[in-house]
Amino acid sequence: MPSARRTARQSDLLRRLVALVAAEGFASFTLDDLAVRLRCSKTTLYQLAGSKQELVREAVKYYFRAATEAVEKQVADTSAPADRVVVYLNAVSAQLRPLSRRFLDDMAEFAPAREVYEANTRHASARVRQLITEGVAAGAFRDVHAAFVGEVVAATMQEIQRGGVTANTGLSDADAYAELASLIVHAVSS
């Protein structure tokens, strides 16, 4: 059973696993394949998680936890309300850019990974709602219904996640987030 605290070696292995599955997806890999590609034993992988499914979920959680930290750091370094919304959504876009289509498709088809992505999407839409509310309170945005804007953002993010935006527009997930940032800021600006 994996321990809650990871060694430096385990953390490095998890980072390498995330890089591998982000680039190539995960559905086609067996634990044997992953052990070979990561140059470790299956026992070492089992120290991270008890099964391939749990290992994939851990990798997805790790990716989005790190992505959230990077996004929030950029927002913390920004003060103007409109800039905060743009920075937030553009930072989300930047964090999604390295994810391959294969990884996104695998994640959409694998419930434990999809649940992590959906939870992250809910958090992101709530964060946009919060940024809009702060901007309205500061007088930087017109008096919009921040919860409604947040719901529009959430619906768009979910459609991006499902691949509908890519299918209908040809935009990558990352590019769709950049377009969403522009749309929202222009919609709420005075």
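The values are calculated or read from the model by the stated rules, or taken from the named source; none is laboratory data. Because the structure is a prediction, the values reported are computed rather than measured. All Cβ positions, glycine included, derive from the backbone under ideal geometry; neighbour counts span all protein chains shown. Keep in mind that these areas ignore ligands, DNA and RNA; they rest on the heavy atoms of the full protein, side chains included. Shrake-Rupley method; radii C 1.70, N 1.55, O 1.52, S 1.80 Å.
A compact table of results
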| read-out | value |
| --- | --- |
| Pick from the range 73-93, criterion open to solvent by 50 Å² or more (accessible area, probe 1.4 Å) and either in contact (Cβ under 8 Å) with a residue 24 or more places away in the chain or not in a loop (DSSP other than H, G, I, E, B) (or both), ranking: farthest from Arg162 (Cα to Cα) | Ala76 |
| Members of the range 104-129 that are buried (at least 20 other Cβ atoms within 10 Å of the Cβ), over 15 Å from Met157 (Cα atoms) and more than 12 Å from the chain's Cα centre (by Cα) | Asp106 |
| Residue satisfying all of: in the range 147-187; among the aliphatic types (A, V, I, L, M) and within 18 Å of Val75 (Cα to Cα); surrounded by the fewest Cβ atoms within 10 Å (Cβ to Cβ) among these | Ala174 |
| Among (1) at pLDDT 90 or above; (2) within 22 Å of Glu69 (Cα to Cα); (3) not charged (D, E, K, R) - the single one Ala154 does not satisfy | (1) |
| Exclusive hit being among the aliphatic types (A, V, I, L, M) and either touching a His at 6+ places or on another chain (Cβ under 9 Å) or under 26 Å from Asp173 (Cβ atoms) (or both), set Leu55, Leu13, Leu48 | Leu55 |
| Condition check for Thr68: outside any helix (DSSP H, G or I), under 22 Å from the mean Cα position of the chain (by Cα) and under 28 Å from Ala187 (Cα atoms) | no |
| Test: residue in the range 124-131 that is closer than 18 Å to Arg65 by Cα, of a type in the set (D, E, K, R) and not in a helix (DSSP H, G or I) | no |
| Residue within the range 43-54 that is closer than 25 Å to Ala187 by Cα, more than 17 Å from the chain's Cα centre (by Cα) and surrounded by fewer than 20 Cβ atoms within 10 Å (Cβ to Cβ) present | no |
| Residue identified as outside any helix (DSSP H, G or I) and without any contact (Cβ under 8 Å) to a residue 60 or more places away in the chain among Val149, Val144 | Val144 |
| Filter result for Arg57 (more than 25 Å from Arg102 (Cβ to Cβ) and surrounded by 14 or more Cβ atoms within 10 Å (Cβ to Cβ)) | no |
| Condition check for Ala35: open to solvent by less than 40 Å² (accessible area, probe 1.4 Å) and either in a helix (DSSP H, G or I) or in contact (Cβ under 8 Å) with a residue 60 or more places away in the chain (or both) | yes |
| Close pairs from the range 14-30: first within 10 Å of Arg102 (Cα to Cα), partner of a type in the set (Ser, Thr, Tyr), Cβ under 7 Å, at least 6 apart | Ala22/Tyr63; Ala22/Ser100; Ala23/Ser100; Glu24/Ser100; Gly25/Ser100 |
| Selection count, the range 137-146, where residues are open to solvent by 40 Å² or more (accessible area, probe 1.4 Å) and either touching an Asp or Glu at 6+ places or on another chain (Cβ under 8 Å) or not aliphatic (A, V, I, L, M) (or both) | 4 |
